[in-house]
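Input: a single structure, listed below in structure tokens.
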Amino acid sequence: MLAAILSRLLRMVVVMFGISVITFLIFFATPSSDPAARIAGKNAAQETIEAVRKDFGLDRPLYVQYGLMMKRLFITRDLTSFANRGQQIVPAVAAAAPATLSLVSGAAVLWMLGGILTGITAAAWRGRWPDKLLMGISMMAVAMPVFWVGEMVNLITQNRLHDTWAFSWVPALGYTPFSQDPGLWFRSMVFPWLTLAFLYIGLYGRMLRTGIIETYQEDFIRTARAKGLTGRKVLLKHATRSAIIPIVIMFGMDFGVLVGGAAVLTEVVFGINGVGRLTYQALKVLDLPMIMATVLYASFFVVVANAVVDLLCLLIDPRMRRA
Amino acid sequence: MGASPEQETALPPADPSAGEKVWSRRGPWRRVLQGLLGSPTAMISAALLVLIVIATLLAPVYAKHVAGTDPFRSGLSAKIKIDGKPVPVMQQSTEGLGLGVTPIGPTWGPQYMLGADGQGRDVAARLLYGGQNSLLIAGASTVLCLLIAAIVGIAAGYLGGAVDGVLSNLIDMIWAFPVYLLAISLSIVMIGKSYAFGPFEISSGSLIVPILIIGLVYVPYVARPIRGRVLALNQSEFVMAARGLGIRPGRILWRHILPNVSTTLIVFAPMLMALNIVTESSLSFLSVGVQPPNASWGTILQDGQTLLYSRPMVSLAPGLAIMVTVLLLNLFGDVLRDVLDPKSARGR
């Protein structure tokens, strides 16, 4: 068991190392992207570019640059931005993390509740109108780009209807930390939560419904029925329990990716200064240290989510322990 | 997002005797075709998709003969006639100090039917032109992704050993990279520059750049199940039998592995294309996808971002176009999966 955990940890480190190298190569070693020229700005004189190159240590061999950046990121933690000189990277990421975490965890609660409820309801009434209605809505949810849903939500809540009784409680776009004003924090997050959750309710609901219906073909369901269990018990205790494993796996992955910054579109549309937006802005101005930090931050969550999901599966499904 | 169509599809092992004349007999493909023809959902969604494609292809005709504008040139000083009176496309603001201009809203007439965007261009005409690009990018990147994923997945699954080790680890690594961040990273490095690969030259702003990026980022999501499928096929009785008969590995690959993997690929195609349409729009919305003056549904959404409250139609129209197209693709894809994979259809 200890060996398994250790090898798992080692694998995590290897994957993260690989990701950091890939990111580094994409931005530092792509032939056409000279970081010095980018920092110096458009139409900069050759001397300026050379000065910048020396100033930022970009004239050293690549592996030295990589090593230095990793050391300043993880050990001394004084890595500074290329774009806003003097801005420290680690505090900037730490400051953006709570906003993303609030957005994603709130949405996650909604989409797990909504998705599971949708899936079970649709499976229980399959082929009849509740099923058709729920699956229709789910298909729509999956078909709409999340940022467009966000825009439409803003159009309704922030524009003309904003002054009516229905939406006057919605604050202007932006993020208020929980510690500053819990009430305002909640009110400003309601619609971002709903927007982000909507897509995943559609995905999870569809998947759970299919899973439950497939499980109904299994022998153990027939056995449960033959034992004389009620339909509700068969559905909830037997079919759903077995069909929920893929949902748990998917949830772990999605949650990890989103906390790591994949909620960038929702953050941009609702003006939430989270990790996704930070990454996006860093990418736009090619702020290499910030990019390295945010991408590594994101991959950390993905890798951890992967590991947690694997462990959870072992706990839920004893059959997997043999492998 | 991390969402991906990731269902393992299992076709019953192909009838080993169906060697030479798969197409001419009542083979599995015939059954698939019959299944599709017998499903009203599949037929209606396919017909509507064809209509959308035709409509976007007719964009030049619409722009020239109906709207009478060039949707790629800004029309800031243009005037159109409404009820016989000339109306400027960019209207002076009547509120507040009267500063600034707002593009004309939907006229519901032939000219500027859906209004104008921030540069006074006809949104309806751009919507059709943009549809061409959105569909082209989504389609081409789907083909590219399936092709690469098939090669990678089959190589990893069939060759095994060191090849599998390297490829699987690479897949895992790319998988750990959030799709959107990877796509944005690649776009920023690649967009706005020209590349030359021997005789081929990719000019900056070419559609090939978003096609490449969108085609690449979803490869792991397809390659992984393909690899799993090939591993399972390797152990299947008919492949063992073929081996036992001394048939060359190349022929086994071509005759037995590939036809069985192809169904998995086909099931992925419509869903991947739907996903790619959304991805294209998201990248273009973040201005790292299709580059101006080219239009796509995503770039129109980006144009509409600043006009969201004054001229919501500029955002509403392309969003609805995306939604309808993706919905139809998913509906068609669902039927296709059920037809190709009787196991999942049984429960319905």
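The values are calculated or read from the model by the stated rules, or taken from the named source; none is laboratory data. Values in this document were obtained by computation on a predicted structure and should not be read as measured data. Don't worry about glycine lacking a Cβ; one is built from the backbone with ideal geometry, like all the others, and counts go over all protein chains shown.
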Scan region A:259-282 residue by residue and report those that are crowded, with 24+ Cβ neighbours inside 10 Å and within 7 Å of chain B (Cβ to nearest Cβ). A:GLY260, A:GLY261, A:ALA262, A:VAL264, A:LEU265, A:THR279
Of the criteria (1) surrounded by 19 or more Cβ atoms within 10 Å (Cβ to Cβ); (2) within 30 Å of A:ALA83 (Cα to Cα), which one A:PRO177 fails: (1)
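Residue by residue, here is whether (1) at pLDDT below 75; (2) within 14 Å of chain B (Cβ to nearest Cβ); (3) under 30 Å from B:VAL179 (Cα atoms); (4) not in a helix (DSSP H, G or I) holds:
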{"residue": "A:MET16", "(1), (2), (3), (4)": "no, yes, yes, no"}
{"residue": "A:ILE19", "(1), (2), (3), (4)": "no, yes, yes, no"}
{"residue": "A:LEU25", "(1), (2), (3), (4)": "no, yes, yes, no"}
{"residue": "A:ALA36", "(1), (2), (3), (4)": "yes, no, yes, no"}
{"residue": "A:THR48", "(1), (2), (3), (4)": "no, no, no, no"}
{"residue": "A:ALA51", "(1), (2), (3), (4)": "no, no, no, no"}
So, B:ALA150, is that one surrounded by 23 or more Cβ atoms within 10 Å (Cβ to Cβ) and either part of a helix (DSSP H, G or I) or aliphatic (A, V, I, L, M) (or both) or not? no
Quick check on my filter: what residues within region A:142-193 are more than 18 Å from A:ALA99 (Cβ to Cβ), away from every other protein chain (no Cβ under 14 Å) and either assigned to a helix (DSSP H, G or I) or out of contact with any His (no Cβ under 7 Å at 6 or more places or on another chain) (or both)? A:THR164, A:TRP165, A:ALA166, A:TRP169
When residues of region B:278-293 are filtered for being over 22 Å from A:VAL142 (Cα atoms) and either at the interface with another protein chain (Cβ under 10 Å from one of its Cβ atoms) or buried (at least 24 other Cβ atoms within 10 Å of the Cβ) (or both), how many remain? 3
